[in-house]
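Reviewing the structure listed below.
The values are calculated or read from the model by the stated rules, or taken from the named source; none is laboratory data. Here the structure is a predicted model, which means the values were calculated and not measured. All Cβ positions, glycine included, derive from the backbone under ideal geometry; neighbour counts span all protein chains shown. Each accessible area value is taken on the protein alone, full model and side chains, heavy atoms only, with ligands, DNA and RNA left out. Shrake-Rupley method; radii C 1.70, N 1.55, O 1.52, S 1.80 Å.
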Amino acid sequence: ERTPRLSPEKRYRFHHRYYPQTGHTLSLAFLECFKAQGGEEVWGYPISEPFIEKGQIVQYLQSARLEWQPESPPGKRVKLGLLGQEYLQARGVDPSLVEPVEPMAVATPLAREAFMRVKGSGGKGLQL
C-alpha cells in the first residue's frame, strides 16, 4: 500500500515557499538567500528539493546550485556552486583557455563597433 503524497503545506512545518511552476519548495536559509538575491527573476525556479551531493546539502535552481556550508558565519552559510568551473573540467577544456587575460584597451565611449577577444583566435577580436 502506497502512502499518499503530502501537500507542501503539511510536509513543511517551518518557513518555506512552494513553487507550483516546478513542483519544488525552497525553505529556511536557501529561501532567504534566494529572496535576498533577486528571487525568480535572477535564479529561476527551484528544480530539486535539497539533497546531499558529495557530502554537502545542495539545492538546484534553474540557473544556480545553492550549497549549505554550516562552517561559514551566520548569514554567509549559503554559497553558489561553481557550475561553470565544474562544467569545463568535466569536458576536459584546455586549462589555458580559462587563465586570466590582460584587459583590452577601450577606444572611445563613442565607438560604433564593439569587439570581444576570444582565446585561441591568435589575439584577434570578434566584432559584436
Among the residues of region 33-61, the number that are in a loop (DSSP other than H, G, I, E, B) and free of Cβ contacts under 8 Å to residues at least 24 places away in the same chain is 6
Regarding Leu88, is this residue in contact with a Gly (Cβ under 8 Å, 6 or more places away or on another chain), modelled with pLDDT of 65 or more and open to solvent by less than 100 Å² (accessible area, probe 1.4 Å)?
no
Only one of these is of a type in the set (Lys, Arg), open to solvent by 70 Å² or more (accessible area, probe 1.4 Å) and modelled with pLDDT of 95 or more: Lys79, Lys124. Name it.
Lys79
Consider region 18-75. How many of its residues are more than 19 Å from Glu86 (Cβ to Cβ), open to solvent by 40 Å² or more (accessible area, probe 1.4 Å) and touching a His at 6+ places or on another chain (Cβ under 9 Å)?
5
